[in-house]
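Novice: Have a look at this one.
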Amino acid sequence: MGSNLPLFPEAASTIAPDVDHLALFLLAVAAFFSVLIFATIFYFAIRYRRRSERELPHEQHGGMTLEILWSVIPFGITMVMFTWGASLYFKESRPPDNALPIYVVGKQWMWKIEHIQGQREINELHIPVGRPVRLTMTSEDVIHSFFVPAFRTKSDVVPGKYSTEWFTATKPGKYHLFCAEYCGNRHSGMIGWIYAMEPQDYENWLNSNPPPSTMAESGSKLFNGMGCPACHKPDGSGRCPSLVGLFGSTVHLADGRSIVADEGYIRESIVQPQAKIVAGYGSLMPTYQGQVTEEDLVQLVEYIKWLGDKSEGKKPFPGTQGEPLAIPDLRGK
Ligand code: CUA
């Protein structure tokens, strides 16, 4: 709908028409009442103008009907805005389970992107059309904001945590990517392009940029290199919890809380291990804050996600098409 109006940027995601309809509704309500109020002011100014020096206005006492009307009508309109806006917000903030995960690390002043198959990009993001894409994003320094006007999505990218953003592109094309949070003197240059491609073209693009290793493989190398397996034994006999099967499971903490192990929990447990101690374990893990970069962390997260897959004994690393593992298998050590 809005795509025909020059007021609106091109609409190229499944959610874009919904956002445009809501924006148009808000605009229409605001325009209607602005015109109504200004017209009434002018009408009353003329209708009730003072006609002679001695004229005194009649005394007015309020009217209950009027009071009720101008309370109930705005209340109804704002409740429509609230429920419509909230339902769209929930839709936009809940990625579907089958979404394609892609990782984004922002820093002054560029976007670094890594696909789970291991391809890396800077200020460019290649995605397939017709498939939900879920971005897991963080920042190395200050707050940035990942904004794709054509997809009508924007999410702040905050240091020290993961934020997510998802969209399904509806038509192939090249779309602007902006940083939408003032982040320093070259903020305006922190821009890039999203390339939405037909699924086959996307496959071809992935295959024409073969990476040295998938994210999970890179994460596995880091995991071994940092000596993590010494404590995190796969069979749970170590001094720290086993990470096999962890991702997506419910973790019971020493303070009595239960949480679901998601990307944010794994990141936090590496840089701030004391924040959430697993019930039955001590607080002996040192912090890795400052020793691992955000790009290392997303690879470790992908590796631990891979370990979390229940069919893990058979499943190859993503992208290796069933070839034998290129890294030492930790299970059974
Ligand atoms: Cu990054 Cu503005």
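Computed from the coordinates by the stated procedures, all read-outs in this text should not be read as laboratory data. Predicted model only: the values in this text are computed from it and were never measured. Ideal geometry is used to build each Cβ from the backbone, glycine not excepted, and the neighbour counts take in all protein chains shown.
Novice: First measure r as the distance between the Cβ atoms of ALA31 and GLU55, then evaluate 1/(1 + (r/R0)^6) with R0 = 41 Å and state the FRET efficiency to the nearest 0.05.
Specialist: Once the sixth-power term is evaluated, E becomes 0.70.
Novice: Another question about this same structure. Rounded to whole Å, give me the distance from the Cα center of the range 57-114 to that of the range 152-172.
Specialist: Here the two parts' Cα centres lie 18 Å apart.
Novice: Could you tell me the calculated FRET efficiency between TYR89 and ASP141, based on Cβ-Cβ distance and R0 = 30 angstrom, to the nearest 0.05?
Specialist: Efficiency for this residue pair is about 0.60.
Novice: Which one of HIS58, PRO211, LEU297 is farthest out on the positive end of the charge dipole of the chain, using unit charges on Cβ (Lys, Arg +1; Asp, Glu -1) and the Cα centre as origin?
Specialist: Checked the options; the winner is HIS58.
Novice: Okay, moving on. Please give the per residue volume of the convex hull enclosing the alpha carbon atoms of the range 215-307, rounded to a whole number of Å³.
Specialist: In the range 215-307, the Cα convex hull volume per residue is 85 Å³.
Novice: For the chain, can you list the cysteines whose C-beta has no other cysteine C-beta under 4.7 Å from it?
Specialist: CYS179, CYS183, CYS228
Novice: Ok, one more. Based on the alpha-carbon set only, what is the convex hull volume of the chain divided per residue, in Å³?
Specialist: 216
Novice: Something else about it: How many nm is it between the label spots at LYS174 and LEU24, if each spot is 7 Å from the Cα in line with the beta carbon?
Specialist: So the label points at LYS174 and LEU24 sit 3.0 nm apart.
Novice: Moving on. Enter the Cα centre distance for the pair the range 180-217 and the range 227-270, rounded to the nearest angstrom.
Specialist: Each part's Cα centre sits 30 Å from the other's.
Novice: Something else about it: Using the basic label-point model (7 angstrom from Cα toward the beta carbon), what is the GLN200 to GLN272 distance in nanometres?
Specialist: About 4.9 nm separates the two model spin labels.
Novice: Beta carbons within 10 angstrom, averaged per residue: use that to sort the peptides 41-50, 108-117, 168-177, highest first.
Specialist: My ranking of the peptides, most packed first, is 108-117, 168-177, 41-50.
Novice: If you don't mind, another one. Run the quick spin-label model on MET81 and ARG131: label points 7 Å from Cα toward the beta carbon, then report their separation in nm to one decimal.
Specialist: Placing both labels 7 Å beyond Cα along the Cβ direction yields 4.0 nm.
Novice: If you take every DSSP beta bridge whose two residues both sit in the chain, what share of them, in percent to the nearest 5, is antiparallel?
Specialist: 70
Novice: Which ³J(HN,Hα) values in Hz, rounded to whole numbers, follow from the phi angles of the range 166-173 under the Karplus curve 6.51 cos²θ - 1.76 cosθ + 1.60, where θ = phi - 60° and Gly and Pro get x?
Specialist: Those phi angles translate into 9, 6, 10, 6, 9, 9, x, x Hz.
Novice: Grab the beta carbon distance between ILE191 and ALA254, set R0 = 51 Å, and tell me the FRET efficiency rounded to 0.05.
Specialist: Once the sixth-power term is evaluated, E becomes 0.65.
Novice: Based on a Kirkwood Rh over C-alpha pairs, give the Stokes-Einstein translational diffusion coefficient of the range 165-218 at 25 °C and viscosity 0.890 mPa s in µm²/s.
Specialist: 176
Novice: Note down the magnitude of the dipole of the range 215-307 about its Cα centre, charges +1 on Lys and Arg C-beta and -1 on Asp and Glu C-beta and zero elsewhere, to the nearest 20 debye.
Specialist: 340
Novice: With +1 on each Lys and Arg Cβ and -1 on each Asp and Glu Cβ, how big is the dipole of the chain about its Cα centre, in debye rounded to the nearest 20?
Specialist: Computed charge dipole of the chain: roughly 460 debye.
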